[in-house]
Amino acid sequence: MKTILCLILSLGMAGLVLAEGTIAETKNGIGVPNKYTLAWTASTNGIVSEATTFYVRGEIARVVLDGTSTGATYSLTLKDQSGVDVLAGHGVGVSTSAVSCVVPGVIITDSVTTNAVPFVVNDLLTLGVTVAGSNKTGSVILYVK
């Protein structure tokens, strides 16, 4: 019985260790598109790994990345519950010299035009930020149709 209790406690504590940094979430659900803001603060090792507390539902039409306070190039992912980065790699090597705007999705090219087909989500999303710097802040704004 003691072994089972220790195992349960250690597994519970392991879940706590995985979350790093913090995010503050806001949702503006008045009309379409919905606007979701994830304001993040990195832990002392420059990492954020935190899931949203509400489901993001719909097509991701545009994402604004603002980490200008970090003073360093950083990387971020926004993964659905299947582990797919819904930013499609657009969060790698984000420059802090300006706010970035990306339109993530699957790239489709015919002989004339290149388009991005947006990702559809209905999940809790996990924000992952790396090399941001100790206690640095930033935000991710999702516009979802």
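Values computed for the structure shown
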| quantity | calculated |
| --- | --- |
| Selected residue (criterion: surrounded by the most Cβ atoms within 10 Å (Cβ to Cβ)) from residues of the range 51-67 that are hydrophobic (A, V, I, L, M, F, W, C) and out of contact with any Pro (no Cβ under 7 Å at 6 or more places or on another chain) | LEU65 |
| Residues located in the range 122-145, provided they are in contact with a Gly (Cβ under 9 Å, 6 or more places away or on another chain) and over 26 Å from SER95 (Cα atoms) | ASN122, LYS145 |
| Any hit, the range 118-134, residues being in a strand (DSSP E or B), of a type in the set (A, V, I, L, M, F, W, C) and surrounded by fewer than 13 Cβ atoms within 10 Å (Cβ to Cβ) | no |
| Residue in the range 20-33 that is part of a strand (DSSP E or B), within 14 Å of the chain's Cα centre (by Cα), surrounded by 19 or more Cβ atoms within 10 Å (Cβ to Cβ) and not β-branched (Val, Ile, Thr) present | no |
| Checking LYS79 against (1) exposed (fewer than 13 other Cβ atoms within 10 Å of the Cβ); (2) at pLDDT 90 or above, the condition it does not meet | (1) |
| The range 40-56 residues that are at positive phi, paired with ones that are basic (Lys, Arg) (beta carbon under 8 Å, 6 or more apart) | GLY46/LYS136 |
| Of the criteria (1) closer than 23 Å to ARG57 by Cβ; (2) not in a loop (DSSP other than H, G, I, E, B), which one GLY138 fails | (1) |
| The range 135-145, residues that are surrounded by fewer than 17 Cβ atoms within 10 Å (Cβ to Cβ) and touching an Asp or Glu at 6+ places or on another chain (Cβ under 6 Å) | LYS145 |
| Residue within the range 78-93 that is among the β-branched types (Val, Ile, Thr) and not in a loop (DSSP other than H, G, I, E, B) present | no |
| Neighbours by Cβ (under 9 Å, 6+ apart or cross-chain): first from the range 77-98, free of Cβ contacts under 8 Å to residues at least 40 places away in the same chain and closer than 20 Å to VAL117 by Cα; second in a strand (DSSP E or B) and acidic (Asp, Glu) | VAL86/ASP123; GLY91/ASP85 |
| Every residue from the range 82-116 that is within 20 Å of THR126 (Cα to Cα) and surrounded by fewer than 13 Cβ atoms within 10 Å (Cβ to Cβ) | SER82, GLY83, GLY89, GLY93, VAL106 |
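The values are calculated or read from the model by the stated rules, or taken from the named source; none is laboratory data. Owing to the predicted nature of the structure, the values given are computational and were not obtained by experimental measurement. As a convention, Cβ positions derive from the backbone with ideal geometry for all residues, glycine included, and neighbour counts pool all protein chains shown.
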